[in-house]
């Protein structure tokens with residue numbers, strides 16, 4: 001079994017986002033074997049198509065610039081690279097993210113781009129499971145949980161690869177407790 005600990009960043013705006021579709025603008029992932037050892041990584045930026053101009057809020061939150069996404073490949077190309085990196089045809093895998101927003105973004109962008117979504121059904125929400133394992137009622141963000149667990153956050157918060165790498169640290173700490 002190969003575990004794919006991943007995080008995505010998406011277009012965003014301050015305040016009311018009604019009527020605006022968020023699009024994936026960055027993939028970050030770490031693959032791990034059943035022993036919790038890191039096997040490989042995936043890091044890509046994505047050029048948004050529905051809302052190609054990043055908001056000031058999005059750039060400020062993520063640190064991703066307009067120039068970064070302007071030179072990136074579109075979602076349909078990057079997601080194919082991601083699927084090949086996972087090796088969805090020949091490898092037993094499980095997608096793992098912090099909360100369900102990332103899988104929702106993937107499903108939405110795949111549907112928009114005419115890419116089948118069956119490969120996304122092998123998925124667990126580590127945030128929900130973590131809170132259940134620890135008996136916590138109030139949901140906490142990843143950075144706060146890492147502090148609580150005395151795991152130092154490394155890199156930049158709201159950058160997909162850095163968030164995935166930090167989630168990987170939490171994943172390995174509880175590797176025998178995840179339900180899948």
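The values are calculated or read from the model by the stated rules, or taken from the named source; none is laboratory data. What you are looking at is a predicted structure, and each value in this text was computed from that prediction instead of being measured. All Cβ positions, even for glycine, are placed from backbone atoms using ideal geometry, and neighbour counts span all protein chains on display.
Taking the listed residues 114, 99, 155, the one that is loosely packed, with under 12 Cβ neighbours inside 10 Å, modelled with pLDDT of 95 or more and at positive phi is 114, with no other qualifying. When region 22-36 is filtered for residues that are surrounded by 13 or more Cβ atoms within 10 Å (Cβ to Cβ) and within 22 Å of residue 175 (Cβ to Cβ), the ones remaining, listed by number, are 28, 29, 30, 31, 32, 36. In the set (1) closer than 24 Å to residue 140 by Cβ; (2) out of contact with any helix residue (DSSP H, G or I) (no Cβ under 9 Å at 6 or more places or on another chain); (3) surrounded by fewer than 16 Cβ atoms within 10 Å (Cβ to Cβ); (4) modelled with pLDDT of 95 or more, residue 17 fails one condition alone, (4).
One residue alone among 19, 15, 99 is without any contact (Cβ under 8 Å) to a residue 60 or more places away in the chain, part of a loop (DSSP other than H, G, I, E, B) and either within 16 Å of residue 159 (Cα to Cα) or under 18 Å from the mean Cα position of the chain (by Cα) (or both), and that residue is 99.
In this structure, residue 161 does satisfy being under 14 Å from the mean Cα position of the chain (by Cα), touching a residue at least 40 places away in the same chain (Cβ under 8 Å) and under 28 Å from residue 59 (Cβ atoms). Pick from region 37-54 the residues that are surrounded by 15 or more Cβ atoms within 10 Å (Cβ to Cβ) and outside any strand (DSSP E or B): which of them is nearest to the chain's Cα centre (by Cα)? The selected residue is 48. Which of (1) touching a strand residue (DSSP E or B) at 6+ places or on another chain (Cβ under 8 Å); (2) within 18 Å of residue 110 (Cα to Cα) does residue 40 not meet, given it meets every other one? Just one mismatch for residue 40, condition (2).
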